[in-house]
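Taking it in order: structure first as structure tokens, then the write-up.
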Amino acid sequence: YSPTMPFSMIKALMSLINLTALSSSLSMGGPAFVGGRYLSSTDNFLKAPFRFPCVIVEADSSEHEEEVEWETCEHLFQAMKFDSINGGTKTWNHCRKIQEVQGAMEAWSLGQSRECPLRKDWNEMKGHAMYLAVKAKYDQYPEYDSELVNTTAPIKAKRSTSNWQELNSIVLERVRFELSMVSSSKVDESSLEYKSWCRATSLSAKSNPVTVYLSPASATAAKNL
């Protein structure tokens, strides 16, 4: 700091410092806090490969549905944001690149590309997209299912950007409730709280179903299967 530095420059410098501190505190990924402890299974960046049905578009334009493995919830979520139906080959290739990349942060980074079109309703349906990914993970990992169902305290997701702390908390509350419905007949599906979670994480009647179209797996990825 210089005594001769203009006040406007000082304000700009302080804003930059504050933004840097905020950015550091809002790091991507991380587990939610439930009942006095952090549950690792709630982290969307957790490496826990699971399968999710996708549409594979072959070179001759023929299509078939296939259960595709996704390394983390973040991988599938990022691929879901692109307009696979109208985006064409470039978008299918990009979604496949997201599916094959190693590491959730790398998947997140690829999801920030705007070279391929996003779904026009993305902001309205992003909570539903995350719900589908998280539910698929828990359905395929009984140990994670048990860990989450055996909690009863409110779920507080890790701090994040935009409204994602609130939205991730709602997604996890809904998933826990639905997993509990399977294991206990005492859970009331007509709960007003459950209905509010569903409203926040469901697809609107005007939206197209969430379908991820992918080009065929690369030769390198195929060798690793």
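Here are a few things to note about the model shown:
- The residue pairs whose first member lies in the stretch 185-206 and is open to solvent by 90 Å² or more (accessible area, probe 1.4 Å), whose second member is among the polar types (S, T, N, Q) and in a helix (DSSP H, G or I), and whose beta carbons are closer than 9 Å, counting only pairs six or more residues apart or on different chains, are Lys186/Ser180.
- Candidates Ser169, Ser109, Ser113, filtered to the one that is in a helix (DSSP H, G or I), of a type in the set (S, T, N, Q) and over 18 Å from Ser196 (Cβ atoms): Ser109
- Verdict on Ser61 being open to solvent by 80 Å² or more (accessible area, probe 1.4 Å), modelled with pLDDT under 95, more than 28 Å from Ser196 (Cβ to Cβ) and among the small types (Gly, Ala, Ser): yes
- Some residue of the stretch 162-173 being modelled with pLDDT under 95 and more than 17 Å from Ser202 (Cα to Cα): yes
- Among all residues of the stretch 147-157, there is none that is at pLDDT 95 or above, in contact with a strand residue (DSSP E or B) (Cβ under 9 Å, 6 or more places away or on another chain), among the basic types (Lys, Arg) and in a helix (DSSP H, G or I).
- Taking the conditions (1) surrounded by 10 or more Cβ atoms within 10 Å (Cβ to Cβ); (2) at pLDDT 90 or above; (3) under 25 Å from Glu106 (Cα atoms) in turn, Leu26 satisfies each one other than (2).
- Output for the stretch 214-224, where each listed residue is open to solvent by less than 40 Å² (accessible area, probe 1.4 Å) and either on the phi > 0 side of the Ramachandran plot or modelled with pLDDT of 95 or more (or both): Leu214, Ser215
- Within the stretch 65-111, considering residues that are open to solvent by 10 Å² or more (accessible area, probe 1.4 Å) and β-branched (Val, Ile, Thr), the one farthest from Gly127 (Cα to Cα): Thr89
- Pair list, Cβ < 9 Å and 6+ apart or interchain, from the stretch 53-66 residues that are free of Cβ contacts under 8 Å to residues at least 40 places away in the same chain to residues that are in a loop (DSSP other than H, G, I, E, B) and surrounded by 10 or more Cβ atoms within 10 Å (Cβ to Cβ): Pro53/Thr211; Pro53/Val212; His64/Glu58
The values are calculated or read from the model by the stated rules, or taken from the named source; none is laboratory data. All values reported here derive from a predicted model rather than from experimental measurement. With ideal geometry, Cβ positions are generated from the backbone for all residues, glycine too; neighbour counts draw on all protein chains shown. Side chains included, ligands, DNA and RNA excluded: accessible areas come from the protein's heavy atoms. Shrake-Rupley method; radii C 1.70, N 1.55, O 1.52, S 1.80 Å.
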